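Undergrad: Could you have a look at this structure, given as structure tokens, before my questions?
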């Protein structure tokens, strides 16, 4: 079972308050227009926000559990709030082919999605597949943490990240991370301890590995796959990327 199949139950609950990036994606949608392609759309946090704003958007994800949650949320959304229902596709971002789709004007990989590509071959395959679906001059936007800040930080043991309600249960979410700096990999373990009124705890363990990519490396990857780097931001307010920036927001254009 994949990591996102294990945590699908908790994903929306733990991310319910995370909205700080939504205006950034909306700005890009206004700048480049639709149709929009979202890679790793999950349960629809970004996708549904853009659909409610009137944009035509297609989302792909390889997790049946996450897509099931997205379809449930979509079914519960009034049609008067979404004029153009989004297209949802279960597919692998390494090899997807949307043959009936028109060329997209914007492709999004929000919050750490690109980091799931763990090798250069996987990164190149995904970028090539994305480029094949974009119009000339279309944009690709990637959102990752600043790798320099992650590498400089001291590794910590098990840490309580957040607490949230799940119906009549209370969930404590813990995480632990180790870095393989030589291979640019972060090995993360999430623990979800769900406490019921009966006093018994149900624990869900979710291991996950992510890859960090540095700016110079990213520029070369993009150029090899038919993109040019247009902007590099360090925060959702479009502050230029620099040492100490919390995020690395990459905006590339198809050439």
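The values are calculated or read from the model by the stated rules, or taken from the named source; none is laboratory data. Please read all numbers here as calculations on a predicted model, not as lab measurements. We place every Cβ from the backbone using ideal geometry, glycine too, and count neighbours over all the protein chains shown.
Undergrad: Determine whether segment 207-220 contains at least one residue that is more than 16 Å from residue 120 (Cβ to Cβ) and either surrounded by 12 or more Cβ atoms within 10 Å (Cβ to Cβ) or touching a strand residue (DSSP E or B) at 6+ places or on another chain (Cβ under 9 Å) (or both).
TA: Kept after step one, since they are more than 16 Å from residue 120 (Cβ to Cβ), are these residues of segment 207-220: 207-208.
Checking the rest, the ones that are also either surrounded by 12 or more Cβ atoms within 10 Å (Cβ to Cβ) or touching a strand residue (DSSP E or B) at 6+ places or on another chain (Cβ under 9 Å) (or both) come to 207-208.
Looking for residues that are more than 16 Å from residue 120 (Cβ to Cβ) and either surrounded by 12 or more Cβ atoms within 10 Å (Cβ to Cβ) or touching a strand residue (DSSP E or B) at 6+ places or on another chain (Cβ under 9 Å) (or both), one finds at least one in segment 207-220, hence yes.
Undergrad: If you take the residues in segment 224-235 that are within 23 Å of residue 134 (Cβ to Cβ) and in contact with a strand residue (DSSP E or B) (Cβ under 8 Å, 6 or more places away or on another chain), which one is surrounded by the most Cβ atoms within 10 Å (Cβ to Cβ)? First the steps, then the outcome.
TA: Of all residues in segment 224-235, those within 23 Å of residue 134 (Cβ to Cβ) come to 224-233.
From what's left, in contact with a strand residue (DSSP E or B) (Cβ under 8 Å, 6 or more places away or on another chain): 226-233.
On the way: 226: 18, 227: 24, 228: 11, 229: 16, 230: 13, 231: 14, 232: 17, 233: 20.
Among those that are within 23 Å of residue 134 (Cβ to Cβ) and in contact with a strand residue (DSSP E or B) (Cβ under 8 Å, 6 or more places away or on another chain), it is 227.
Undergrad: Which residues, counting only those in segment 33-74, are part of a helix (DSSP H, G or I), crowded, with 21+ Cβ neighbours inside 10 Å and touching a strand residue (DSSP E or B) at 6+ places or on another chain (Cβ under 8 Å)?
TA: If the condition is that a residue be part of a helix (DSSP H, G or I), crowded, with 21+ Cβ neighbours inside 10 Å and touching a strand residue (DSSP E or B) at 6+ places or on another chain (Cβ under 8 Å), then 46, 47, 50, 51, 67, 70 are the ones that fit.
Undergrad: From 238, 156, which residue is surrounded by fewer than 16 Cβ atoms within 10 Å (Cβ to Cβ), touching a residue at least 60 places away in the same chain (Cβ under 8 Å) and either in the same structural domain as residue 120 (by TED's automatic domain parsing) or out of contact with any helix residue (DSSP H, G or I) (no Cβ under 7 Å at 6 or more places or on another chain) (or both)? Give the derivation first.
TA: Numbers: 156 fails: touching a residue at least 60 places away in the same chain (Cβ under 8 Å).
Going through 238, 156 in turn, the sole match is 238.
Condition check ((1) within 16 Å of residue 149 (Cα to Cα); (2) outside any strand (DSSP E or B); (3) in contact with a helix residue (DSSP H, G or I) (Cβ under 9 Å, 6 or more places away or on another chain)) across all residues:
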{"site": "191", "(1), (2), (3)": "no, no, no"}
{"site": "197", "(1), (2), (3)": "no, yes, no"}
{"site": "206", "(1), (2), (3)": "no, no, yes"}
{"site": "209", "(1), (2), (3)": "no, no, yes"}
{"site": "220", "(1), (2), (3)": "no, yes, no"}
{"site": "231", "(1), (2), (3)": "no, no, no"}
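Undergrad: Would you point out the residue of segment 93-105, among those that are loosely packed, with under 13 Cβ neighbours inside 10 Å and modelled with pLDDT of 90 or more, that is nearest to the chain's Cα centre (by Cα)? Explain how you work it out, then say what you get.
TA: Step one: filter segment 93-105 for residues loosely packed, with under 13 Cβ neighbours inside 10 Å, giving 95, 97, 99-100, 102.
Narrowing further to those that are modelled with pLDDT of 90 or more: 95, 97.
Numbers: 95: 18, 97: 20 Å.
Here the residue is 95.
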